[in-house]
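Working notes, structure below.
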Amino acid sequence: MQDSLRAILEHRRAIRNYLPEAVPDDVIKRCIESAILSPSSSNLQLWEFYHVKTGIKKEALVKACMSQPAAKTAPNLIVVVTRHDYWKRRCDANLDFNKKVAWEEPEDKPIRAETYFTKTIPTLYFDFLGIFGILKKIFAFFVGLRRPMFREVSAGEVLTMSHKSVGLAAQTLMLALSAEGYDSCPMEGIDSKRIQRILNLPKGAKINMVISCGKRAEGGVYGPRFRLPLEEVFFEV
Ligand SMILES: Cc1cc2nc3c(=O)[nH]c(=O)nc-3n(C[C@H](O)[C@H](O)[C@H](O)COP(=O)(O)O)c2cc1C
């Protein structure tokens, strides 16, 4: 298990030149099924995946990816979207699940879930022009003087929180592709506004990244892998 995970991680490289052969639809679907097994903050699952493989939308999407080689040569593109605007409906989905599921230790778990998804999460996610975020920040500062307090409460910080979870799903997707013998490249050097328009997405939906995929061609890996030495990034405390 350890060895096979390591092999998948070693195989995954950022690929900038692909063969024309497309990734079959069933492989893409399986990989997305794996991606959505990723953990997400409060289990809100604020992700969506748009698979674009042919036609004028693909051409437009390549252009919106600045026509960079990783996009231009790729047979398949997947836009990973952060549906930050869906926080309320994903709270409702969690509540529905909590009502239906038979708890192993019922006690007060459904009640706690109800409070969490009807009060705690709405307090954190609701905002209007960033104004509530500023008030929440001041509140967190003063409460934090006396006890440990959750600090990332401004509108921007809550959006970052959503992107974090979606980024985990993006990574799972790339590892799943790698496990299937396919290659990928994550891209954030993109025009998110144009991509939003191509996919007819509302303002509240944010582009997390675009992942190109396919099979690596010669020259697809630009060079040997560079990683900082472990001592520079890992500390025993
Ligand atoms: C969030 C993110 C955005 C990236 N954006 C781009 C990009 O726009 N274009 C590109 O060619 N590579 C992009 N990369 C790939 C990185 O350059 C690459 O992962 C890094 O150089 C390490 O190489 P490796 O993935 O082969 O180990 C991105 C990677 C991440 C994680």
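Every number in this text was worked out from the coordinates using simple rules, so none of it is lab data. Just so we're clear, the structure is a prediction, and the values are computed from it rather than from any experiment. Every residue, glycine as well, gets a Cβ built from its backbone with ideal geometry; the counts of neighbours run over all protein chains shown.
With angles folded into 0 to 90 degrees, how steeply does helix 55-64 sit against the dominant principal axis of the chain? Use alpha carbons for both and round to 10.
Between helix and principal axis, roughly 70 degrees.
What's the FRET efficiency of residue 197 with residue 14 using the Cβ-Cβ distance as r and R₀ = 22 Å, to the nearest 0.05?
Rounded to the nearest 0.05, the efficiency is 0.25.
Taking a threshold of 28 Å on the Cα-Cα distance, which of the pairs 57/206; 99/136; 100/137; 57/100 fall above it?
Check vs 28 Å cut-off fails for 99/136; 100/137; 57/100.
Report the GluC sites (Glu not before Pro) located in the range 1-43 that are in a DSSP loop and have at most 15 other Cβ atoms inside 10 Å of their Cβ, or state none.
Here the sparse-neighbourhood loop sites are 21.
Could you bin all the Cα-Cα distances of the chain into 10 Å bins starting at 0 and give me the percent of pairs in each, rounded to whole numbers?
Over the chain, the share of Cα pairs per 10 Å bin runs 7, 25, 30, 23, 13, 2, 0 percent.
What lysines could a cross-link reach from residue 215, if we take a straight Cα to Cα line under 16 Å and drop same-chain neighbours fewer than 8 places away?
The qualifying lysines are 53, 72.
Can you give me the orientation-averaged projected area of the convex hull built on the Cα atoms of the range 30-90, in nm²?
5.2 nm²
Based on the Cβ-Cβ distance from residue 145 to residue 66, what FRET efficiency comes out when R0 is 45 Å, to the nearest 0.05?
For residue 145 and residue 66, the calculated efficiency is 0.45.
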